[in-house]
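> Structure incoming, see below.
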Amino acid sequence: MIEKGLLIVLSGPSGVGKGTVRKALFENNVDYEYSISMTSRSKRVGEEEGMDYFFKTKEEFEELIEQGELLEYAKYVDNYYGTPVKYVRETMEKGKDIFLEIEVQGAEQVKNKMPEALFIFLAPPSIVDLECRLKGRGTETEAVIQERVEKARKEIQMMYLYDYVVVNDEVDLAVDRINAIIKSEHLRRERVEMQYRRALLELEDDEI
Ligand code: 5GP
């Protein structure tokens, strides 16, 4: 029986450490695939095309939206971010789990389109801690940091959309918690029952 892969949405406020946690998660796990997003924001030092993001102009991005190429997208602090739908579909059909690391508006769109996905909210230990992390990163101006902190306050209020909340107090602990959630999720009765139902239907078809 081939189980369809899980769509795992890892989301949470900017600066909470989603990228760090996701990279740590992928270092030790060859079973997950990662969906590389598209963005219209400019490349940061050290970022690579096709590794961190697919970098697009605003016009290119708007064309992708129009052509229905994105599973979800959001305008975040004046830039577009979005998930190419094709890779997500193909990966799930192959029975592989696929990860999206996205902000909250995008997660809400995925929830509306694919409520069976697994939604994990990565939360900061506190708002003060989040502000310190954004400042420590040194990649944004003070005005952008304040805008992101304000956004984070609103995003934390959207926690109710998610199935699980993982506090990112320590990266290794957060990774362990996420792995445990995914393992249990594969054993959820609804998912296992679906595979059996499909297999039974195939058997019936063969018998006819
Ligand atoms: P950054 O500019 O720091 O790379 O990303 C800003 C925010 O956009 C982060 O919260 C990041 O998780 C989110 N993000 C990255 N890719 C996507 C995407 O494809 N869709 C959505 N909705 N958000 C994304």
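The values are calculated or read from the model by the stated rules, or taken from the named source; none is laboratory data. Quick caveat: nothing in here was measured; it's all calculated off a predicted structure. Every residue, glycine as well, gets a Cβ built from its backbone with ideal geometry; the counts of neighbours run over all protein chains shown. Accessible surface is based on the protein model in full, side chains and every heavy atom, while ligands, DNA and RNA are left aside. Shrake-Rupley method; radii C 1.70, N 1.55, O 1.52, S 1.80 Å.
> Given only helices, namely DSSP H runs of n ≥ 4 each adding -39500 (n - 2.57), what is the per-residue ellipticity at 222 nm of the chain, to the nearest 500 deg cm²/dmol?
-15000 deg cm²/dmol
> Could you pull out the GluC sites (Glu not before Pro) across the range 27-59 that fall in loop regions by DSSP (anything but H, G, I, E, B) with no more than 13 other Cβ atoms inside 10 Å?
Sites meeting the loop and neighbour criteria: GLU47, GLU48.
> Obtain the nm distance between the two label points defined at ARG197 and GLU150 by a simple spin-label model: each point lies 7 Å from its Cα along the Cα-to-C-beta direction.
4.7
> To continue, here is another question. For a quick check of your reading of the filter: which GluC sites (Glu not before Pro) in the range 93-186 sit in a DSSP loop and have no more than 12 other Cβ atoms within 10 Å?
Answer by residue number: GLU116, GLU170.
> Taking 0.36 nm per intervening residue step and subtracting the Cα-Cα distance, what contour gain separates MET114 from GLU204 on full extension?
This chain segment gains 29.6 nm when fully extended.
> In whole percent, how big is the carbon plus sulfur part of the accessible area of the chain, probe 1.4 Å, protein atoms only?
With neighbouring chains kept in place, the figure for the chain is 52 percent.
> Mind checking which lysines have their C-alpha under 22 Å from LYS94, skipping anything on the same chain fewer than 8 residues away?
Filter leaves LYS4, LYS86, LYS111, LYS113, LYS183.
> Now, a different point. In square angstrom, what is the accessible area per residue of the chain with a 1.4 angstrom probe?
The answer is 57 Å² per residue.
> How would you classify the range 53-208 from its alpha-carbon gyration tensor, with a ≥ b ≥ c the square roots of the eigenvalues: rounded for a/c under 1.5, else prolate if a/b is greater than b/c, otherwise oblate?
oblate
> Another question, if that's okay. Using a 10 angstrom Cβ neighbour count of at most 13 plus a DSSP loop assignment to flag exposed trypsin sites (Lys or Arg not before Pro), which longest range of the chain is free of such sites?
Result, exposed sites excluded: 95-187.
> Could I ask something else about it? Excluding SER42 itself, calculate the net charge of residues whose Cβ lies under 13 Å from the Cβ of SER42, where each Lys or Arg counts +1 and each Asp or Glu counts -1.
Residues close to SER42 contribute a combined charge of 0.
> Indicate, rounded to the nearest 5 percent, the antiparallel portion of the DSSP beta bridges found entirely in the chain.
Restricted to the chain, the bridges split so that about 30 percent are antiparallel.
> Taking only C-alpha pairs under 8 Å that are 6+ residues apart, what is the relative contact order of the range 91-208 in percent?
Relative contact order, the range 91-208: 27 percent.
> If you don't mind, another one. How would the range 5-135 be classified by its alpha-carbon gyration tensor: rounded, prolate or oblate, with rounded meaning a/c under 1.5 and the a/b versus b/c comparison settling the rest?
In terms of gyration-tensor shape, rounded.
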